[in-house]
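Have a look at the structure below before the remarks.
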Amino acid sequence: QVELVESGGGLVQAGGSLRLSCVASRIIFSHYRMAWYRQTPGNQREQVAFISMSSTIINYADSVKGRFTVSRDNAKSTVYLEMNNLRPEDTGVYYCKADPIPGTTDPPYWGRGTQVTVSA
């Protein structure tokens with residue numbers, strides 16, 4: 001079965017950094033657009049970063065622009081999210097999502113999430 005597994009979350013003080021990873025299994029990783037989302041209890045899940053199949057298109061939410069960097073290594077079937085200058089409002093569960101190439105009927109896939117907690 002398709003599997004996405006996030007790692008790298010943890011507890012960090014404001015101003016610190018974390019690097020998240022998401023490893024995909026049993027998909028052709030290079031044929032999927034990848035995105036990072038985050039969610040806090042009671043809130044809607046928010047997309048924070050997007051990266052296209054060949055890394056030619058990268059987008060960030062305004063709230064993280066200039067602080068977060070998304071990248072991918074297709075040979076390792078892994079997408080990364082480097083988070084710098086973290087703020088308490090960045091606290092939440094971070095998920096990776098895989099979307100198939102346009103024109104297919106393949107479904108999107110989600111990881112189970114990794115907790116990020118930023119203390120003041």
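The values are calculated or read from the model by the stated rules, or taken from the named source; none is laboratory data. All figures in this text were calculated on a predicted structure; none of them were measured in a lab. Quick reminder, even Gly has a Cβ in these numbers, built from the backbone with ideal geometry, and neighbours come from all protein chains shown. Ligands, DNA and RNA are stripped out before the accessible areas are found, and what is left, the full protein with its side chains, is counted by its heavy atoms. Shrake-Rupley method; radii C 1.70, N 1.55, O 1.52, S 1.80 Å.
Points to keep in mind about this one:
- Annotation note: trypsin sites (Lys or Arg not before Pro) in region 38-120 located in DSSP loop regions with a Cβ neighbour count of at most 11 within 10 Å are 65, 112.
- For the pair residue 59 and residue 14, the difference between a 0.36 nm per residue extended length and the Cα-Cα distance amounts to 13.8 nm.
- Pairwise Cα separations in the chain fall into 10 Å bins from 0 onward with the following percentages, short to long: 14, 48, 30, 7, 0.
- Where the chain is the region considered: accessible area per residue in Å², 1.4 Å probe: 53
- Carbon plus sulfur fraction of accessible area for the chain, probe 1.4 Å, in percent: 48
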